[in-house]
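Report on the following structure.
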Amino acid sequence: MRLARRMGRLGTETAFSVLAKAKALEAEGREVIHLEIGEPDFDTPDHVIEAGCKALRDGHTHYTPTAGIPELREAIADDVSRSRGIEVGPEQVVITPGGKPIMFFTILALVDEGDEVLLPSPAFPIYESMVNFVGGRPVFVPLRQENGFRFDLEEFEAGLSERTRLVILNSPANPTGGVLTADDIAGLAGILRDRPDVHVLSDEIYSRLLYTGDFASIASEEGLGPDGRTIILDGFSKTYAMTGWRLGYGVMPESLAEEVAKLQVNSNSCTSAATQYAGLAALRGPQDAVENMLAEFKARRDLIVDGLGELPGVDCITPQGAFYAFPRITESGYSADKLADLLLEEAGVACLSGTAFGRHGEGHLRLSYANSRENIALALDRMGDILSRAVG
Ligand SMILES: Cc1ncc(COP(=O)(O)O)c(C=O)c1O
């Protein structure tokens with residue numbers, strides 16, 4: 001089949017292919033511990049499920065307005081205004097099936113061929129994929145373990161050029177668990193204030209999964225709010241364990257929201273009605289499930305970081321947010337790809353090579369600790385067997 005040339009520039013998310021490979025092994029009777037896929041292993045809170053079911057029974061089985069039902073746009077605007085300390089109106093909110101379409105739509109809407117986009121590396125692979133797809137040029141700013149996987153601000157500034165059209169930020173970050181501090185955000189804002197022609201896509205999907213301190217958003221900085229040039233990406237997948245419902249949103253300048261809604265009407269029309277009502281219950285209802293999930297993730301984080309620290313050839317810093325550990329494995333003697341393959345095939349531990357997140361992910365693995373403490377402990381044992389064979 002002859003495909004359009006642009007298809008050759010589209011990347012993918014390896015987590016889904018490793019999951020498929022692990023499932024194929026399971027179908028052959030092998031037992032696999034899943035540390036590859038980035039989704040909470042918890043169930044959606046009961047009151048949220050009930051609200052979704054009730055919406056269906058109440059007849060919410062039709063199309064909704066493209067940008068979302070007014071009640072949910074309003075609730076999101078309130079929530080974002082409160083959590084980021086800014087004023088956001090419902091007309092700035094576009095609700096989408098998951099947070100991912102906000103990447104797709106904003107990059108399509110803002111980046112022309114030849115435009116440069118500044119990206120962290122390693123990072124969620126869809127950023128680079130989408131920038132390449134539209135003919136833009138990704139410019140990578142490395143995130144290094146020595147620096148807690150935060151930007152070196154000088155390197156960040158040096159990455160900007162006359163052609164830079166968009167900057168993508170992600171904190172807390174996938175795959176590293178790194179978090180930009182309030183000082184980092186202030187420093188970035190200082191740099192970006194001199195570049196009013198540059199938009200910022202701030203992927204804040206893990207903003208509620210933060211283990212210490214308060215969440216700092218670039219959108220709270222003077223001159224960088226979503227009334228001007230920042231697009232906040234957030235959603236319900238991680239915070240409320242709702243990955244399968246598909247519910248996310250962008251908060252952006254009203255004029256851009258209209259364009260993004262146009263892209264949505266040209267693709268998926270709107271987000272499922274019942275899902276949006278479930279989201280309303282999630283935002284407006286009790287938040288104890290989020291707090292409980294965070295406490296459990298923290299305990300698992302400590303377990304996995306301690307365990308990884310004991311393994312030969314591995315060193316791992318403590319992630320400050322999200323639910324990923326990103327240990328360095330260079331001393332093991334294996335490349336990241338080779339070790340990830342070996343762990344799946346010989347130890348039944350599914351995880352991702354750091355290279356799935358770009359060149360700067362070499363020498364690391366990404367382990368999602370969205371799995372039980374028991375399974376994490378077992379996975380660490382099995383990793384120990386493989387690594388002692390290699391190193392020692
Ligand atoms: C950094 C980051 N942004 C966005 C998403 C998209 O989430 P969803 O489309 O499921 O809401 C993910 C999912 O893994 C992610 O890791």
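The values are calculated or read from the model by the stated rules, or taken from the named source; none is laboratory data. Here the structure is a predicted model, which is why all the values come from computation and not from measurement. Here Cβ is always computed from backbone atoms with ideal geometry, including for glycine, and neighbour counts include all displayed protein chains. Only protein heavy atoms, including side chains, enter the accessible area calculation; ligands, DNA and RNA are left aside. Shrake-Rupley method; radii C 1.70, N 1.55, O 1.52, S 1.80 Å.
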What about residue 358, is it surrounded by fewer than 24 Cβ atoms within 10 Å (Cβ to Cβ) and touching a residue at least 24 places away in the same chain (Cβ under 8 Å)?
yes
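Among the helices (runs of 4 or more DSSP H) lying completely within region 52-141, list those that include at least 3 residues that are closer than 28 Å to residue 214 by Cα, within 16 Å of the ligand (Cβ to nearest atom) and open to solvent by 20 Å² or more (accessible area, probe 1.4 Å). Before the answer, list the steps.
Values: elements: 70-84, 100-110, 125-133.
Where helices (runs of 4 or more DSSP H) fall fully within region 52-141, none carries at least 3 residues being closer than 28 Å to residue 214 by Cα, within 16 Å of the ligand (Cβ to nearest atom) and open to solvent by 20 Å² or more (accessible area, probe 1.4 Å).
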With the condition kept exactly as written, say whether any residue in region 189-200 is away from the ligand (no atom under 16 Å from the Cβ), touching a helix residue (DSSP H, G or I) at 6+ places or on another chain (Cβ under 9 Å), open to solvent by 50 Å² or more (accessible area, probe 1.4 Å) and more than 19 Å from residue 111 (Cα to Cα).
no
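Counting only residues that are away from the ligand (no atom under 16 Å from the Cβ) and within 25 Å of residue 52 (Cα to Cα), how many does region 228-260 have?
Initial filter on region 228-260 (away from the ligand (no atom under 16 Å from the Cβ)): 228-229, 253-259.
Cutting the leftovers down to within 25 Å of residue 52 (Cα to Cα) gives us none.
Number of matching residues: 0.
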Do we find a residue being assigned to a strand (DSSP E or B) and over 19 Å from the mean Cα position of the chain (by Cα) anywhere in region 287-302?
no
Residue set 146, 154; condition closer than 17 Å to residue 325 by Cβ, away from the ligand (no atom under 16 Å from the Cβ) and open to solvent by 20 Å² or more (accessible area, probe 1.4 Å); output residue 146
Does any residue of region 337-354 turn out to be touching a Pro at 6+ places or on another chain (Cβ under 8 Å), open to solvent by 10 Å² or more (accessible area, probe 1.4 Å), within 16 Å of the ligand (Cβ to nearest atom) and more than 15 Å from residue 380 (Cα to Cα)?
no
Filter result (open to solvent by less than 20 Å² (accessible area, probe 1.4 Å) and charged (D, E, K, R)) within region 201-228
203, 204
Of the residues 75, 67, which is modelled with pLDDT of 95 or more, under 29 Å from residue 133 (Cα atoms) and small (Gly, Ala, Ser)?
67
